[in-house]
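Presented below is the structure to which this report refers.
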Amino acid sequence: MDIKEFNFMDGMAKTQVLATDGVYLAERNDGSFRISLYQLSDFYVEIYYHKTRCFYICIRSFNEVGELFPYLQDIDISEVYKMIYTAS
């Protein structure tokens, strides 16, 4: 499946595809939304959940890695540094 096929699906079909084929990567908060990030094939998908109403507002797909920036600040890579310095 490519991003164009995914974008033509309705919301229910998108959530089903993410549940079966998507790889959960991360989550972040933005105001009144909790945003979950998934990878599907060669693109990414965000699901925006309303925190107090407990349902999703929108599903957004993208394939530009620059759009992953909001998630990168929360990734702890200290273990990678430890492995690099221990191995040398």
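The values are calculated or read from the model by the stated rules, or taken from the named source; none is laboratory data. For clarity, every value in this text was computed on a predicted model and none was experimentally measured. Cβ: placed from backbone, ideal geometry, glycine included. Neighbour counts: every protein chain shown.
Per-residue answers, yes or no, for (1) of a type in the set (Lys, Arg); (2) closer than 24 Å to Ile75 by Cβ:
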| site | (1), (2) |
| --- | --- |
| Asn7 | no, no |
| Met12 | no, no |
| Thr20 | no, no |
| Glu27 | no, yes |
| Asp30 | no, yes |
| Arg34 | yes, yes |
| Tyr38 | no, yes |
| Ser41 | no, yes |
| Arg53 | yes, no |
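Based on this model, can you work out whether Gly11 counts as under 16 Å from Pro70 (Cβ atoms), out of contact with any Cys (no Cβ under 6 Å at 6 or more places or on another chain), exposed (fewer than 14 other Cβ atoms within 10 Å of the Cβ) and modelled with pLDDT under 95?
When the stated conditions are applied, Gly11 does not pass them.
If the requirement is being closer than 15 Å to Asn7 by Cα, surrounded by 14 or more Cβ atoms within 10 Å (Cβ to Cβ), among the polar types (S, T, N, Q) and within 12 Å of the chain's Cα centre (by Cα), which of these qualifies: Ser61, Ser36?
Answer to the selection: Ser61.
Where the second residue is part of a helix (DSSP H, G or I) and the first is under 15 Å from Ser41 (Cβ atoms) and lies in the range 8-19, which pairs have Cβ atoms under 8 Å and are six or more apart or on separate chains?
Met9/Val17; Lys14/Phe6; Val17/Phe6
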